[in-house]
1. For the range 3-32, which positions are without any contact (Cβ under 8 Å) to a residue 40 or more places away in the chain, in a loop (DSSP other than H, G, I, E, B) and exposed (fewer than 11 other Cβ atoms within 10 Å of the Cβ)?
2. Would a scan of the range 46-53 turn up a residue that is more than 12 Å from the chain's Cα centre (by Cα), among the hydrophobic types (A, V, I, L, M, F, W, C), modelled with pLDDT under 80 and surrounded by 10 or more Cβ atoms within 10 Å (Cβ to Cβ)?
3. Being in contact (Cβ under 8 Å) with a residue 12 or more places away in the chain and either more than 17 Å from ALA63 (Cα to Cα) or of a type outside the set (D, E, K, R) (or both) is the filter here, so list the residues in the range 35-52 that pass it.
Amino acid sequence: TDTGYYVKASFPLEWLRREGLMAENGDMLVGLYRADFIKGTEADIDWYSWRKPKSSEPDFHIASSLGRVRVTCHR
């Protein structure tokens, strides 16, 4: 969009709660990442994280690359 990205996903809400991935109020910790493939080789991939991790490189293995979101249900 003009101001950022729009992400749409579909998961059974009960499964997210049962697996401990979502709190009762809908809060979740998630990581969102993007890759730009410049020339088609692995060395030419630029990775971006939606949050600035406390690392010199985006890394989905560290907690600082995660952010809190609230899941809402639209019908």
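1. The answer is THR3, GLY4, TYR6, VAL7, LYS8, ALA9, SER10, PRO12, GLU19, GLY20, GLU24.
2. Yes, that holds for at least one residue.
3. Scanning the range 35-52 gives ALA35, ASP36, TRP47, TYR48, SER49, TRP50.
The values are calculated or read from the model by the stated rules, or taken from the named source; none is laboratory data. Please read these numbers as outputs of a predicted model, since none were measured by experiment. For neighbour counting, all protein chains shown are included, and Cβ atoms are generated from backbone atoms with ideal geometry for every residue, glycine included.
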